[in-house]
Amino acid sequence: ECKVTCGANPAFYVESNPVGAEVVVDGKATGIMTPAVVVTTDKKAKKIDVELKKDGFADLQTELKVKGVEQKTVNLSMKANTM
């Protein structure tokens with residue numbers, strides 16, 4: 001379930017630990033930080049590739065499966081760099 005109105009497009013509310021991670025969708029920078037709403041206008045899409053980036057943490061990549069005009073919340077935890 002989205003915390004904002006997403007209309008008739010598939011959408012994911014992406015939360016991260018820690019907050020403030022840069023959101024990259026399908027390899028393209030979005031300019032938005034978590035928590036964020038990721039919406040696809042391609043209603044035929046079967047998946048969305050999401051990557052989170054934040055200084056001091058390992059990049060996190062995940063694939064979100066799209067089912068119709070589903071709207072849901074995704075919680076992702078990033079691991080701190082050990083260097």
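Picking from residues in the range 27-62 that are under 26 Å from Thr82 (Cβ atoms), among the acidic types (Asp, Glu) and assigned to a loop (DSSP other than H, G, I, E, B), the one that is most open to solvent (accessible area, probe 1.4 Å) is Asp55. Residues that are under 19 Å from Lys65 (Cβ atoms) and either open to solvent by less than 50 Å² (accessible area, probe 1.4 Å) or at pLDDT 90 or above (or both) within the range 6-26 comprise Cys6, Asn9, Pro10, Ala11, Phe12, Tyr13, Val14, Glu15, Ser16, Val23, Val24, Val25, listed in sequence order. Figure legend. Inter-residue proximity from the range 52-65: first residues at positive phi, second residues among the polar types (S, T, N, Q) and part of a loop (DSSP other than H, G, I, E, B), beta-carbon distance below 7 Å, spacing 6+ or different chains. Indicated pairs: Gly56/Asn81. Note on the range 63-82: residues that are assigned to a strand (DSSP E or B), open to solvent by 50 Å² or more (accessible area, probe 1.4 Å) and not charged (D, E, K, R) amount to 5.
The values are calculated or read from the model by the stated rules, or taken from the named source; none is laboratory data. These figures come from a predicted structure and were not determined experimentally. Cβ atoms come from the backbone with ideal geometry, glycine included; neighbour counts cover every protein chain shown. Remember, those area values only see protein heavy atoms, side chains included, never the ligands or the DNA or RNA. Shrake-Rupley method; radii C 1.70, N 1.55, O 1.52, S 1.80 Å.
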